[in-house]
Amino acid sequence: MKNTVAIVLAAGKGTRMKSETPKVLHKILGKPIISYVLDALKCAGITDIVTVAGHGSHLLKEVVKGSKVVVQKELLGSGDAVKTARKALAGYSGDVLVICGDTPLIRSATIRSIIETHKSSGASLTILTAKLKNPTGYGRILRDDSGAVLKIVEEENASIYEEAVNEVNVGTYCFKAKDLFEALGEVKPDGKKKEFFLTDTIAILRKDAKPIEAVEVYDAGEMIGINSRRDLAEAAQTMKARILDEIMAGGVTIEDPASTTIYEGVTIGPGSVIRPNTFIESDVEIGRGCRIGPFTRIRPHVRIADNVEVGNFVELVRTKVGSGTKVKHHTYLGDTTVGRHVNIGAGTITANYDGKVKSKTVIEDKAFIGVGAILIAPVRVGKLAVVGAGCVVPKNHDVPKGATVVGVPARLFKKGRVRR
């Protein structure tokens, strides 16, 4: 989006979260709240982003890489936060989108809509609004008889008639930069806390006969802010439903969406089936025609090829699985590369961690791993090799191509006898 800068307000502590972690760094499906907002901005075409940090700014800087970070030293309201961001916008004369960092459900299409309306109308300010059945807790949008926006009145200052208004301010605005900062210069501190409210710029702009527009968000649920653990849980359910809907639209069967959790950033090929109580984290790729679950956990950095079966009570992490392979029951594979058409018996474990280092296991094509086998990494099992049931293969004791090993520790088996 050309000639548009975003200011993300992320200085709040979030006292109702009852946590030392900054509110916007709490996670939804493994990803910080603010990261969803930043991703939506970037998807909308905005790459020049200024994040206003406050509480825990050192932690926030680690997450919002690619965004300029300025620190609001005292939390004196949204108007003061935007003033703080001005330092990073010296000489800028385009449009400024102001958005809250605790609204993870906002879509890039909504961001594009407010910016496009703002630019096409030539408005000094465009406000994003929503109509709610229950507007309690939100500032109300007041309009004149012609429908023009007069002001935003906070609920605590609203009359009984104003409280009945169901169109609310959701905290996202698009300003002309020059008009924004001139108006902020006239904003006076309000209330006992002496805070500067960004919404006070509306009356100032109107006084100066500056045009003000409003855009109603199609889905009011997008604008829910996260202020409590309950809000966090509700947002997670909404985000989860979005992700599952997108995956199912791509030709994947999810047998029980209610018990299935899939993080953002997972790709699954058409024709695959995800069975109940499956949990798939980010950075996972699953091919076509796979069957995953039930009760499967797939952690990050996993690549599963086509026509693979991953069964009940299996956990995979940092692992590649080749096409046609079966990993059926009660198995843990960590830091493992599995070839094509391999059978992994129930209860197999690749012991990848010795307390200091995580090491790798390689199982080549068409190998057969028996029930209850333990492979202590680093180790390699050759093509067409067989590891017997209950066998323990020590680290660095590779199993040769086509060989069979049995016992504890593993020993070569040949012509009906154990080769010592």
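The values are calculated or read from the model by the stated rules, or taken from the named source; none is laboratory data. Predicted model, so just to flag it, every value in this text is computed and none were measured. No Cβ is skipped: glycine too gets one built from the backbone with ideal geometry, and neighbour counts run over all protein chains shown.
Residues of the range 224-260 that are among the hydroxyl-bearing types (S, T, Y) and buried (at least 18 other Cβ atoms within 10 Å of the Cβ): T260 alone.
Of all residues in the range 157-171, those satisfying the criterion of being closer than 21 Å to D190 by Cβ and within 34 Å of the chain's Cα centre (by Cα) are V165, V168, N169, V170, G171. Residues that are of a type in the set (G, A, S) and surrounded by fewer than 18 Cβ atoms within 10 Å (Cβ to Cβ) were ranked within the range 122-157; the one that is modelled with the highest pLDDT is G122.
Listed by first and then second residue, the pairs with beta-carbon distance under 9 Å, at least 6 apart or on different chains, first residue in the range 12-23 and over 13 Å from S57 (Cβ atoms), second modelled with pLDDT of 90 or more and basic (K, R), are G14/K23; T15/K23; R16/K23; R16/R229; M17/K23; M17/R229; K18/R229; S19/R229. Screening D102, D95 for residues that are within 21 Å of L125 (Cα to Cα) and either within 27 Å of the chain's Cα centre (by Cα) or surrounded by 19 or more Cβ atoms within 10 Å (Cβ to Cβ) (or both) leaves exactly one candidate, D95. A residue that is more than 22 Å from V310 (Cβ to Cβ) and in a strand (DSSP E or B) can be found somewhere in the range 359-378.
Let's see how each residue does on (1) modelled with pLDDT of 95 or more; (2) in contact with a Gly (Cβ under 6 Å, 6 or more places away or on another chain); (3) of a type in the set (S, T, Y); (4) closer than 26 Å to L25 by Cα:
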site: I204; (1), (2), (3), (4): no, no, no, no
site: A220; (1), (2), (3), (4): no, no, no, yes
site: N227; (1), (2), (3), (4): no, no, no, yes
site: T253; (1), (2), (3), (4): yes, no, yes, no
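Mind listing just one residue for me: the one in the range 86-106 that is assigned to a helix (DSSP H, G or I) and among the charged types (D, E, K, R) and, of those, farthest from L128 (Cα to Cα)?
K87
The residues in the range 105-120 that are more than 27 Å from L232 (Cα to Cα), in contact (Cβ under 8 Å) with a residue 24 or more places away in the chain and under 27 Å from the mean Cα position of the chain (by Cα) can be counted, and the count is 1.
The set of residues in the range 176-190 being of a type in the set (G, A, S) and either surrounded by 15 or more Cβ atoms within 10 Å (Cβ to Cβ) or under 18 Å from L9 (Cβ atoms) (or both) consists of A177, A183. Scanning the range 29-85 for residues that are part of a loop (DSSP other than H, G, I, E, B) and more than 30 Å from L244 (Cβ to Cβ) yields D48, H55, Q72, K73, E74, L75, L76, G77.
Residues in the range 8-25 that are part of a loop (DSSP other than H, G, I, E, B), crowded, with 20+ Cβ neighbours inside 10 Å and not small (G, A, S): 1 in all. Just to be sure I understand the filter: pairs with C-beta atoms under 6 Å, separated by 6 or more residues or on different chains, first member in the range 265-276 and surrounded by 16 or more Cβ atoms within 10 Å (Cβ to Cβ), second member assigned to a loop (DSSP other than H, G, I, E, B) and hydrophobic (A, V, I, L, M, F, W, C). Which pairs pass? From residues that are surrounded by 16 or more Cβ atoms within 10 Å (Cβ to Cβ), the pairs are I268/V252; S272/V252; S272/C290.
Figure legend. Inter-residue proximity from the range 199-219: first residues assigned by TED's automatic domain parsing to the domain that holds V153, second residues among the basic types (K, R), beta-carbon distance below 6 Å, spacing 6+ or different chains. Indicated pairs: I202/K151; A203/K151.
Only strands (runs of 3 or more DSSP E) whose full extent lies in the range 293-352 are considered here, and the ones with at least 2 residues that are closer than 17 Å to R380 by Cβ are 332-334, 336-338, 349-351.
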